[in-house]
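A short worksheet on the structure shown next.
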Amino acid sequence: MQGADPILSHADAPARRTVLAVEQALAMPYATQRFVHLGWRVIRVEPTPIPGRTSRGDPNRYIGRPVGGEDRHSYYVSPNAGKEAIALNLKESAGRDVLHRLLRELQVDVFCTNTLPAHHEALGIDAPTLTRDHPELIWAGVSAMGTARPEVPGYDPMIQALCGYMDLTGDPDGPPMQCGPPLIDLKAGDEVFAQVALALLDRRETGRGRVIDVSMAQVAVSWLHTFLPMLDMGSPPDEIRRSGNEHRQFIPVNAYPTADGFVYVAIGSDAQWRRFASHPTFAALDQERFHTNESRRSHKDDLHRGIAEITARHSSEDVAATLRDARIPHAPISPIEAVWDLDFVRESALRTVAPDGSVVRLPPPAVPTDFLAAHDGELPFPPGYGEQTDAILAEAGIAPEDVSRLRDDGVIA
């Protein structure tokens, strides 16, 4: 990040970038995991031990089953494979000095944090402080409502509740429910990934970094294209809220019972409906009241009931064969343990090796990368608490005796 001509200094820079992340939980670790998939270096910064607390660092280290010692439990593993970890006390001025030295000496490209914004300035990680001394730095933060509302804490389920997701999820006659995967955490992480890529592109032209301020609440509402605008176009709330497995607009799109399970059927056009209803298995449904999507909507209860009565008489395999023959989009409802056995997952899944030698499969990357292909899809097991602290400080030019002093002073763990 140093040099007389910052534009030229990055124009020929290697593709491997360095990311320093004061991160915990999932939203930001997922974002930086996507950088790992590109082959970038990601160093996660965690706080030094807090007096009276037995756990150290990211609370997610201690969630799930222990798989790598006391500080690496199962919930922590996947989003943090392939990273490095240091433990640094940013509440002390000496710790903040070390952070600045790391930014400078390691030529850090991107600084990330999902710490509560109200704490940024006290820890010296606020965007004005870091970008003042490191103008080429890309600063990226994730929080519940962005830095404009710095006191608001937030986790994925809270944002789902606030932003209408729970009102849209579940059975029509049941209570509000959260989505299974933490969609808002993951959406926020993907937004960091995309915005950092754009910022790096801009930096090649300007030589300057950018401040990226991601609000989990805003990214959540940004996904409600097929819900919120409809309220302004005549749809009453009951028309768009909880609908179980049904699609609210396309009929029939639903889960139907079979003799040995369930199958999900998605008919998205009248042309698909004609192919469906002309098949001998479903010929009894070839009725004028079902010929268009809007007329099917008017009689959807009868239609769903009629399809279910037919599919329930056949095995899932036979129903799937019929739907394939009619070229109708469909899928079995896979038990979560069966997802690993899907062909495309088996072909693209990543893996890491636990300290005891056992192989842990990891979800495939969103998009294949050359880096992962070159490493045959294997990432190093996620780091233990503060595992690379001494090595990284030495890399930044801090002498061994100074490292010892920092440890004695409680600045590092």
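The values are calculated or read from the model by the stated rules, or taken from the named source; none is laboratory data. Quantities reported herein were computed from a predicted structural model and do not represent experimental measurements. All Cβ positions, even for glycine, are placed from backbone atoms using ideal geometry, and neighbour counts span all protein chains on display.
Taken over the stretch 377-413, the criterion of being without any contact (Cβ under 8 Å) to a residue 40 or more places away in the chain and out of contact with any strand residue (DSSP E or B) (no Cβ under 9 Å at 6 or more places or on another chain) is satisfied by A394, A399, P400, E401, D402, S404, R405, R407, D408.
Just the residues that are in contact with a Pro (Cβ under 8 Å, 6 or more places away or on another chain) and within 23 Å of V219 (Cβ to Cβ), please, taken from the stretch 127-148. G141, S143, A144, G146, T147, listed by residue number. Whenever a residue of the stretch 210-232 is more than 30 Å from I138 (Cβ to Cβ) and outside the structural domain of D126 (by TED's automatic domain parsing), its partners that are of a type in the set (D, E) and surrounded by fewer than 16 Cβ atoms within 10 Å (Cβ to Cβ), lying with C-beta atoms within less than 9 angstrom and at least six residues away or across chains, give the pairs M230/E239. One residue alone among S243, S235 is over 17 Å from C163 (Cβ atoms), among the hydroxyl-bearing types (S, T, Y), surrounded by 13 or more Cβ atoms within 10 Å (Cβ to Cβ) and free of Cβ contacts under 8 Å to residues at least 40 places away in the same chain, and that residue is S235. The residues of the stretch 40-92 that are in a loop (DSSP other than H, G, I, E, B) and in contact with a Leu (Cβ under 8 Å, 6 or more places away or on another chain), listed by number, are P47, T48, A81, G82, L90, K91. Restrict the check to the stretch 339-356 and report whether at least one residue is part of a helix (DSSP H, G or I), in contact with a Lys or Arg (Cβ under 7 Å, 6 or more places away or on another chain) and closer than 30 Å to V67 by Cβ. Yes, the stretch 339-356 contains at least one residue that is part of a helix (DSSP H, G or I), in contact with a Lys or Arg (Cβ under 7 Å, 6 or more places away or on another chain) and closer than 30 Å to V67 by Cβ. Checking M158, M166, M177 one by one, the residue that is in contact with a Ser or Thr (Cβ under 7 Å, 6 or more places away or on another chain) and either modelled with pLDDT of 95 or more or not assigned by TED's automatic domain parsing to the domain that holds Y30 (or both) is M177 and no other.
From the list R324, R346, R361, pick out the single residue that is surrounded by fewer than 16 Cβ atoms within 10 Å (Cβ to Cβ), touching a His at 6+ places or on another chain (Cβ under 9 Å) and free of Cβ contacts under 8 Å to residues at least 24 places away in the same chain.
Checking each option against the conditions leaves just R324.
The single residue among L20, L38 that is buried (at least 20 other Cβ atoms within 10 Å of the Cβ), modelled with pLDDT of 95 or more, of a type outside the set (G, A, S) and at negative phi turns out to be L20. Criterion applied to R65, R104 was being surrounded by fewer than 17 Cβ atoms within 10 Å (Cβ to Cβ) and either at pLDDT below 95 or over 22 Å from R407 (Cα atoms) (or both), and the one residue passing it is R65. Scan the stretch 107-132 for residues that are charged (D, E, K, R), out of contact with any helix residue (DSSP H, G or I) (no Cβ under 6 Å at 6 or more places or on another chain), surrounded by fewer than 24 Cβ atoms within 10 Å (Cβ to Cβ) and within 24 Å of R204 (Cα to Cα) and the total you get is 1.
Within the stretch 106-120, take every residue that is more than 11 Å from L90 (Cβ to Cβ) and either part of a helix (DSSP H, G or I) or among the hydroxyl-bearing types (S, T, Y) (or both) and give me the one that is farthest from the chain's Cα centre (by Cα).
A118
Candidates S278, S316: the one that is in contact (Cβ under 8 Å) with a residue 40 or more places away in the chain, surrounded by 17 or more Cβ atoms within 10 Å (Cβ to Cβ) and more than 25 Å from D167 (Cα to Cα) is S316. In the stretch 152-173 there is at least one residue matching the filter, namely being in contact with a strand residue (DSSP E or B) (Cβ under 9 Å, 6 or more places away or on another chain) and either free of Cβ contacts under 8 Å to residues at least 60 places away in the same chain or closer than 27 Å to P329 by Cβ (or both). Summed over the stretch 175-200, residues that are β-branched (V, I, T) and assigned to a loop (DSSP other than H, G, I, E, B) total 0.
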